[in-house]
Amino acid sequence: MSLPACSDAIAQRAWGASSLSTLAAGKGGPAYAADKVRRARSVGRCDHGQVTENPASAALTAEDEVATLCSDLIRIDTSNYGDNSGPGERPAAEQVAALLSDVGLEPVLLESHWGRASVVTRIAGEDPSRPALLIHGHLDVVPADAADWAVHPFSGEIVDGTIWGRGAVDMKDMDAMMLAVVRQRMREGRRPPRDVVIAFLADEEAGGSYGGRWLVHNHPDLFEGVTEAIGEVGGFSATVGGQRLYLVQTAEKGLAWLRLTARGTAGHGSLLQNDNVVTELAETVARIGRHEWPTRFTSSAQAFLEAASEALGLELSPGTAREVLTKLGPLARMVGATLTNTANPTMLDAGYKVNVVPQTAAASVDGRFLPGYEEEFLAELDSLLGPGVQREYINTDIAMETTFDGDLCAAMTAALLAEDPEGRAVPYCMSGGTDAKSFSRLGIRCFGFAPLRLPADTDFFGMFHGVDERVPVDALQFGVRVLDRFLDSC
């Protein structure tokens, strides 16, 4: 499978990291190679393209190599600063493409912008007449400051059976599980029941404009025939009332990143100033930050709370929902955020000198709305704005929700319970967003399913974008066993 070269994309068969060539105009030759070396040297302690040696044997299993694959990917710094100033995903994409080519697949590497690369391949199933399945992960990570970490965030160190580093849970763990399972199945000649498209994507951490969203808009043919998908964030265990619940994502909140701007009259700081834009904006920001949004129960959130209540021995009602939250431990912050719309002020920008009242002041707000509640969210937010404050979008994206039923859900549940008979698969709504938003625009039914069996005291969501991100090796090994079973019956 190959795609023609074009001015904004690079596409080619990837036969190995060393042989990948750049086809887009202006991106080839010595200058590109030299600049690539400069990029690699500028990112600090990470090993771009350095693959840990594994014995090349058909007996090598996914469980054998998943930790090494994860550690290797973490060592490649793919920090996404949201403005194309980071190192980009291309070195990681080249490594992924080489690993897929190594077992006979023909991955396509596409670059939407210099260094912003994604990899897609298709595995032929036993019944090509069936609709295809998409399994996707993203290669980019949020930035990390090494001074804050106990272990260097791009070391990929394995300490006492735990892999440390940025991306360990978001989401190079799933990338490694995907690679490990696919590589084992290809070595063993085991085909899935239907076609499976595998995608490793750029730019998820900034909304997918250079990754999933770009592919959907520019190369939808890569996903021809796909009707269902799995990706982040779901399939992980949370211990509630002594029972392991495996949360399968069936919904995620919509995105409304907003810029609020107050405009007025500039003046001397020593004079009376009735229309001080800093004061006007600060009052608006305070109202938004302290606002208590009404509780709303989506189907996915309701289903999770019912399962959690049962595990806790409580009877769920609108009046007891908050009591259930108090007993969820670290999970409570995320679950609580899926019971309301939210809006968190995150940035402020005003003034240029202490004795000058500025003419404008601005703030940024991270707004998230529940499926079905976008209009209510915007109306309520607007009621909190001061008379001199206007809002505009920085970025916006849809909320989405599907039902927890059908053959795919049965396959996910069966695979989980085969490895953990005492567990229980339950749907839930996630407070953040994923590349599923982009793929849903193709009519694909999307789920979060990146299975991990975690220790009972793990603050899983606290690891996302947090300091000292890490994942147990045995959780990854559990995950590859579940994914392998899932692919047998998907």
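In the context of the full set of protein chains, the chain has a per residue accessible area of 41 Å² (1.4 Å probe).
Quick one: net charge of residue 364's neighbours, Cβ under 10 Å, K/R +1, D/E -1? Could you put the intermediate results ahead of the total?
Numbers: positive: 259; negative: 349, 366.
Its environment carries a net charge of -1.
One quarter of the convex hull surface built on the alpha carbon atoms of the range 110-153 amounts to 5.7 nm², the projected area averaged over directions. Each residue, residue 474 and residue 272, gets one label point 7 Å from its Cα in the Cβ direction; the gap between the two is 7.3 nm. Per residue, the convex hull around the alpha carbon atoms of the range 278-417 comes to 160 Å³.
What translational D, rounded to a whole number of µm²/s, comes out for the range 353-411 from Stokes-Einstein when the hydrodynamic radius is the Kirkwood one over Cα pairs, at 37 °C and 0.692 mPa s? Don't skip to the answer; put the middle values down first.
Working: Rh = 15.4 Å.
In µm²/s, the coefficient rounds to 213.
Compared with the dominant Cα axis of the chain, that is its longest principal axis, helix 172-188 is turned about 20°. A straight line joining the Cα centroids of the range 443-490 and the range 189-222 runs 19 Å.
Only sites in a loop by DSSP and with at most 13 other Cβ atoms within 10 Å count here; which chymotrypsin sites (Phe, Trp or Tyr not before Pro) in the range 331-434 make the cut? In loop regions of the range 331-434 (DSSP not H, G, I, E or B), the sparsely surrounded chymotrypsin sites (Phe, Trp or Tyr not before Pro) are 352. Only the Cβ atoms of Lys and Arg (+1) and of Asp and Glu (-1) were treated as charged; on that basis the dipole of the chain about its Cα centre amounts to roughly 760 debye. Relative to the longest principal axis of the Cα atoms of the chain, helix 29-42 runs at roughly 70 degrees. Taking a quarter of the surface of the Cα convex hull of the range 190-328 gives a mean projected area of 15.7 nm².
For the chain, the tally of Lys pairs with Cα-Cα distances below 29 Å comes to 7, considering only residues 8 or more apart or on different chains. For the range 329-344 versus the range 404-440, the inter-centroid distance based on Cα atoms is 20 Å. Exposed loop sites were defined as GluC sites (Glu not before Pro) in DSSP loop states (anything but H, G, I, E or B) carrying at most 12 other C-beta atoms within 10 Å; in the chain the longest segment without such a site runs 316-421. Surface composition of the chain: carbon plus sulfur atoms hold 50% of the accessible area, using a 1.4 angstrom probe and ignoring ligands, DNA and RNA. Projecting the Cα atoms of 231, 143, 189 onto the dipole axis of the range 132-253, where Lys and Arg carry +1 and Asp and Glu carry -1 at the beta carbon, places 189 farthest toward the positive end. Take every Cα pair under 8 Å whose residues are at least 6 apart in sequence, average their separation, divide by the length of the range 336-428, and the relative contact order is 20 percent. Convex hull volume per residue, computed on the Cα atoms of the chain, equals 160 Å³.
When both the range 94-158 and the range 62-90 are represented by their alpha-carbon centers, they are found 8 Å apart.
Restricting the calculation to Cα atoms, the range 68-211 yields a radius of gyration followed by a Dmax of 15.6, 53 Å. Largest first, the three principal axis extents of the alpha carbons in the range 129-242 are 51, 36, 34 Å in whole numbers.
To the nearest 10 degrees, how steep is helix 299-312 against the longest Cα principal axis of the chain, on a 0 to 90 scale? Value to nearest ten degrees: 80. The helix-based estimate of mean residue ellipticity at 222 nm for the chain, built from -39,500 (n - 2.57) per DSSP H run of four or more residues and divided by its residue count, is -9500 deg cm²/dmol to the nearest 500. Mean separation of Cα pairs under 8 Å and 6 or more residues apart, divided by the residue count, gives the chain a relative contact order of 20 percent.
The values are calculated or read from the model by the stated rules, or taken from the named source; none is laboratory data. The structure displayed is predicted, hence computed values, not measured ones. No Cβ is skipped: glycine too gets one built from the backbone with ideal geometry, and neighbour counts run over all protein chains shown. Calculation scope for accessible area: heavy atoms of the full protein, side chains included, ligands and nucleic acids excluded. Shrake-Rupley method; radii C 1.70, N 1.55, O 1.52, S 1.80 Å.
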